[in-house]
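The values are calculated or read from the model by the stated rules, or taken from the named source; none is laboratory data. For clarity, every value in this text was computed on a predicted model and none was experimentally measured. Cβ sites come from the backbone with ideal geometry, for glycine too, and all protein chains shown count toward neighbours.
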Amino acid sequence: MVRRPSIIINRLDAERLQRLIDSATEKDLMVAQLLEEELARGEVLDPQDIPNNVVSMNSQVRFTDLTRGSQMVRTLVYPHSIGVVEDGISVMAPIGAALIGLRVGDVIEWPLPNNTKVNLRIDAIFWQPEREKQFHR
């Protein structure tokens with residue numbers, strides 16, 4: 001059984017992510033397709049309506065890889081910010097794409113490029129642009 005909890009996506013993030021998907025290179029095709037599926041099934045809300053417990057772009061998140069038993073803190077960023085944000089994880093990386101739109105406590109089963117799967121749980125959101133009223137980050 002594939003676990004895909006419902007997700008919520010900021011309208012501005014959805015528009016930017018769609019542009020990323022549309023311009024994806026061959027090497028990013030798998031992640032782009034998965035991300036597009038997530039956008040299609042997600043509930044899209046205006047930035048000011050995003051709940052505090054939802055992972056949006058530029059959110060700093062603590063999550064656990066339940067498959068490997070490791071916990072990480074990462075900031076979900078667009079690919080162009082990967083060198084700028086110290087703990088950044090790109091939304092175009094397989095794990096990064098899995099995080100978008102999840103709520104604290106959610107667990108998602110996510111495919112990886114090597115034909116394996118990972119189970120990720122969102123443990124905490126330390127910083128979220130919408131919570132800080134930064135709606136255009």
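Can you tell me how many residues within the range 40-60 are outside any strand (DSSP E or B), in contact with a Lys or Arg (Cβ under 6 Å, 6 or more places away or on another chain) and closer than 13 Å to ALA124 by Cα?
Matching residues across the range 40-60 total 2.
Name the single residue, out of those in the range 28-46 being of a type outside the set (Val, Ile, Thr) and in contact with a helix residue (DSSP H, G or I) (Cβ under 6 Å, 6 or more places away or on another chain), that is surrounded by the fewest Cβ atoms within 10 Å (Cβ to Cβ).
Keep residues of the range 28-46 that are of a type outside the set (Val, Ile, Thr), which gives 28-30, 32-43, 45-46.
This time we only want the ones that are in contact with a helix residue (DSSP H, G or I) (Cβ under 6 Å, 6 or more places away or on another chain), so: 32, 34-36, 39, 46.
Details: ALA32: 20, LEU34: 16, LEU35: 23, GLU36: 17, LEU39: 19, ASP46: 11.
So, considering only residues that are of a type outside the set (Val, Ile, Thr) and in contact with a helix residue (DSSP H, G or I) (Cβ under 6 Å, 6 or more places away or on another chain), the one surrounded by the fewest Cβ atoms within 10 Å (Cβ to Cβ) is ASP46.
Taking only pairs six or more apart or across chains, which ones have beta-carbon atoms under 7 Å, a first residue in the range 38-53 that is farther than 18 Å from ARG4 by Cβ and touching a residue at least 24 places away in the same chain (Cβ under 8 Å), and a second residue that is among the polar types (S, T, N, Q) and surrounded by 12 or more Cβ atoms within 10 Å (Cβ to Cβ)?
Cβ pairs passing all conditions: LEU45/ASN10; PRO47/ASN10; ILE50/ASN10; ILE50/SER56; ASN52/GLN128.
Could you grab me the full set of residues in the range 105-128 that are modelled with pLDDT of 95 or more and part of a loop (DSSP other than H, G, I, E, B)?
Matches in the range 105-128: GLY105, ASP106, GLN128.
Does ALA98 meet the test of being out of contact with any Leu (no Cβ under 9 Å at 6 or more places or on another chain), on the phi < 0 side of the Ramachandran plot and either hydrophobic (A, V, I, L, M, F, W, C) or part of a strand (DSSP E or B) (or both)? Spell out how you get there, then give the answer.
Values: out of contact with any Leu (no Cβ under 9 Å at 6 or more places or on another chain): no; on the phi < 0 side of the Ramachandran plot: yes; either hydrophobic (A, V, I, L, M, F, W, C) or part of a strand (DSSP E or B) (or both): yes.
Criteria not met by ALA98.
Being surrounded by fewer than 20 Cβ atoms within 10 Å (Cβ to Cβ), touching a Gly at 6+ places or on another chain (Cβ under 7 Å) and within 20 Å of SER23 (Cα to Cα) is true for just one of ILE95, ILE82. Which residue is that? Outline the logic, then answer.
On the way: ILE95 fails: touching a Gly at 6+ places or on another chain (Cβ under 7 Å).
That would be ILE82, the only listed residue that is surrounded by fewer than 20 Cβ atoms within 10 Å (Cβ to Cβ), touching a Gly at 6+ places or on another chain (Cβ under 7 Å) and within 20 Å of SER23 (Cα to Cα).
Do the conditions hold for LEU120, that is, is it buried (at least 17 other Cβ atoms within 10 Å of the Cβ), of a type in the set (A, V, I, L, M, F, W, C) and in contact (Cβ under 8 Å) with a residue 12 or more places away in the chain? Outline the logic, then answer.
Working: buried (at least 17 other Cβ atoms within 10 Å of the Cβ): yes; of a type in the set (A, V, I, L, M, F, W, C): yes; in contact (Cβ under 8 Å) with a residue 12 or more places away in the chain: yes.
Yes: the conditions hold for LEU120.
Just need a number here: residues in the range 12-32 that are in contact with a strand residue (DSSP E or B) (Cβ under 7 Å, 6 or more places away or on another chain) and at pLDDT below 95.
Result for the range 12-32: 0.
Among SER70, SER90, SER59, SER23, which is more than 21 Å from ARG131 (Cβ to Cβ) and either surrounded by 17 or more Cβ atoms within 10 Å (Cβ to Cβ) or under 10 Å from the mean Cα position of the chain (by Cα) (or both)? First the steps, then the outcome.
On the way: SER70 fails: either surrounded by 17 or more Cβ atoms within 10 Å (Cβ to Cβ) or under 10 Å from the mean Cα position of the chain (by Cα) (or both); SER59 fails: more than 21 Å from ARG131 (Cβ to Cβ); SER23 fails: either surrounded by 17 or more Cβ atoms within 10 Å (Cβ to Cβ) or under 10 Å from the mean Cα position of the chain (by Cα) (or both).
Within the list SER70, SER90, SER59, SER23, the selection yields SER90.
Consider ILE100 carefully, then state whether it is farther than 18 Å from LEU39 by Cα, crowded, with 21+ Cβ neighbours inside 10 Å and at pLDDT 95 or above. Give the steps one after another, and end with the answer.
Values: farther than 18 Å from LEU39 by Cα: no; crowded, with 21+ Cβ neighbours inside 10 Å: yes; at pLDDT 95 or above: yes.
Here the answer is no, as ILE100 does not meet what is asked.
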